[in-house]
Amino acid sequence: MLRAAAGDAGRAYKQRMLDMLDVRDGHAVLDVGCGPGTDLPALAERVGDAGTVIGVDRDPAMLERARARTAGLPRVEIREGDAHALPVEAGTIDRAKTDRVLMHVADPADVLAQLHRATRPGARIGLAEPDWDTLIVDAEDLETSRAFTRFTTSEVVRHATIGRGLARLAARAGFRVEAVHTTTPLFLDFAEADHTLGLGRNLQKAVDGGHIDPVRGRDWFDGLSAPGPFYASFTLVSVVCSR
């Protein structure tokens with residue numbers, strides 16, 4: 001997560017979402033699925049001394065890292081909780097965001113309903129999710145690249161194409177969609193792509209599950225890791241809406 005956020009594309013969409021959320025002094029801001037707290041310091045800077053930033057996550061390891069990251073920020077609260085049962089009072093949040101979280105939850109519509117419950121009328125909400133159906137990995141064996149993408153969308157990620165449906169789901173939850181943007185994270189380094197996209201580990205799962213022929217899979221991966229140009233990308237969708 002940290003490496004993905006640190007790249008050029010990651011910084012660009014995060015900055016754009018932060019700007020469009022229009023976080024102001026005194027706001028109560030909620031970060032659902034805050035992970036290791038990557039975005040909490042920037043949010044805390046914008047709410048000032050009169051505001052509050054609440055980071056919610058269910059993973060104890062992520063919560064520990066988020067607390068360490070924000071130890072010197074008195075306006076930041078880290079709360080353990082599930083996105084399906086947000087530990088915040090109804091109608092108390094001025095700004096909220098969730099970033100690459102809905103693709104993993106059991107019921108994205110339920111989480112959006114929780115965000116609607118937690119936010120005040122007039123609140124702004126930022127959502128960002130990938131569409132893994134758009135994952136492209138360049139290789140001479142195009143069919144294995146396509147098989148890898150199909151495996152990713154059908155077996156690896158719970159809601160792999162939620163990015164394209166974010167605006168529709170937000171509107172259905174009662175929000176007014178203000179803007180929709182796309183970003184294309186680009187990987188030109190094999191090692192970075194392997195780490196972030198799980199090329200090797202997910203290929204092994206695909207082979208073990210009979211989705212990709214072992215020999216073709218090995219040759220495909222060897223070709224990707226060989227010296228020379230490398231290319232992979234996918235589409236990430238950001239939606240900003242209001243309550």
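Annotation: A96 fulfils all but one of (1) more than 17 Å from L18 (Cα to Cα); (2) outside any helix (DSSP H, G or I); (3) at pLDDT 95 or above; (4) of a type outside the set (D, E); the unmet one is (1). Considering R95, R124, the condition of being touching a His at 6+ places or on another chain (Cβ under 7 Å), touching a residue at least 40 places away in the same chain (Cβ under 8 Å) and basic (K, R) is satisfied by R95 alone.
If you take the residues of the stretch 168-205 that are crowded, with 17+ Cβ neighbours inside 10 Å and among the small types (G, A, S), which of them is nearest to A226 (Cα to Cα)? Per the criteria, the residue is A193. Scanning the stretch 25-41 for residues that are free of Cβ contacts under 8 Å to residues at least 40 places away in the same chain and charged (D, E, K, R) gives a single hit, D25. The residues listed here are A28, A66; of these, the one that is surrounded by 19 or more Cβ atoms within 10 Å (Cβ to Cβ) and touching a Pro at 6+ places or on another chain (Cβ under 6 Å) is A66. Please go through the stretch 198-212 and pick out each residue that is within 15 Å of D222 (Cα to Cα), part of a helix (DSSP H, G or I) and not aliphatic (A, V, I, L, M). Residues satisfying the conditions are G200, R201, N202, Q204. The helices (runs of 4 or more DSSP H) falling completely within the stretch 107-174 that include 2 or more residues that are in contact with a Gly (Cβ under 9 Å, 6 or more places away or on another chain) and more than 27 Å from A232 (Cα to Cα) map to 108-118. Answer yes or no as to whether V56 is touching a residue at least 12 places away in the same chain (Cβ under 8 Å) and part of a strand (DSSP E or B). Here the answer is yes, as V56 does meet what is asked.
Looking only at residues of the stretch 206-233 that are surrounded by 19 or more Cβ atoms within 10 Å (Cβ to Cβ) and small (G, A, S), we find that the one that is farthest from L142 (Cα to Cα) is A206. Taken over the stretch 69-85, the criterion of being in contact (Cβ under 8 Å) with a residue 24 or more places away in the chain, surrounded by fewer than 22 Cβ atoms within 10 Å (Cβ to Cβ) and assigned to a loop (DSSP other than H, G, I, E, B) is satisfied by T70, L73, R75, G81, H84.
The values are calculated or read from the model by the stated rules, or taken from the named source; none is laboratory data. Source: prediction; values computed, not measured. Here Cβ is always computed from backbone atoms with ideal geometry, including for glycine, and neighbour counts include all displayed protein chains.
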